[in-house]
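Structure record follows, encoded as structure tokens.
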Amino acid sequence: MFFEKIGHLFFTKIRFPFSLLLLVICPLFSTLYLLHQMETIETQQERYTLAAKKAKAAFARKERKERFLAKHLPSDSYFLDTEIASFSFLQRERDSLQKWILHPAISQKNSMKERLQFLEERNRISFVEEATNLSSTCKETIEKQRHPVEMDAKDLQTFLSLIEETIPRENEKKRPQLLVHRFSLHKKETPLHNEVFEVSMDLFKREFLTP
């Protein structure tokens, strides 16, 4: 009975205000519902976009890791000896010295011969292992340069590019990962008044082990 009285009151005595209220409330609730649905859809779209970005980033990381391991695994333990230590420096100066030594107009050739002998026999880079850390997946080593070497600007650029893997060598074996751990460079003048760089460095070497 109570609800009947309430209904009768609304539809008889206050019919116009109630109708007006219905006209306002119904569109309002419809609008609020649509806005809520749109917000829900936008939230779902944002979640989907974020999930897609994460999946894409994870896939890219996986691809980079696979390319990296394909390049380095299994690592050649003698890479420094066969590829790095075999690199020759100051080739242009050596060629010039050989020509001057053979020139008949040059009488005093001892300093030239000594310099050429140094460049051919002793100006070669070599490393010795210091600290080593071994795990199930890799072997990490600090490779200390035995003595400084002399090189010109072109040698330096090419050699660092070789260390940093930006210039691959022909028929190169799978290399360990190499990073410059310490680097020292001093400009100096040779006995024959050529300007060169005296370079000393230590390398961080990581060899990846076959699982």
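The values are calculated or read from the model by the stated rules, or taken from the named source; none is laboratory data. None of these values were measured; they are calculated from a predicted model. In this analysis, Cβ positions are derived from the backbone assuming ideal geometry, glycine residues included, and neighbour counts consider all displayed protein chains.
Residues that are loosely packed, with under 14 Cβ neighbours inside 10 Å and of a type in the set (V, I, T): list the strands (runs of 3 or more DSSP E) wholly contained in the stretch 94-164 that include at least 2 such residues.
Filter on the stretch 94-164 gives 127-134.
Could you check, for the stretch 119-132, whether at least one of its residues is out of contact with any strand residue (DSSP E or B) (no Cβ under 7 Å at 6 or more places or on another chain) and within 15 Å of S77 (Cα to Cα)?
Yes, the stretch 119-132 contains a residue that is out of contact with any strand residue (DSSP E or B) (no Cβ under 7 Å at 6 or more places or on another chain) and within 15 Å of S77 (Cα to Cα).
Of everything in the stretch 119-141 that's modelled with pLDDT of 90 or more and among the basic types (K, R), which residue is nearest to T190 (Cα to Cα)?
Among those residues, the one meeting the criterion is R122.
Kindly establish whether F79 is modelled with pLDDT of 80 or more and either within 25 Å of R182 (Cα to Cα) or of a type in the set (K, R) (or both).
When the stated conditions are applied, F79 passes them.
Go through (1) within 25 Å of the chain's Cα centre (by Cα); (2) among the charged types (D, E, K, R); (3) more than 30 Å from E207 (Cα to Cα) for E140 and report which single condition fails.
It is condition (3) that E140 fails.
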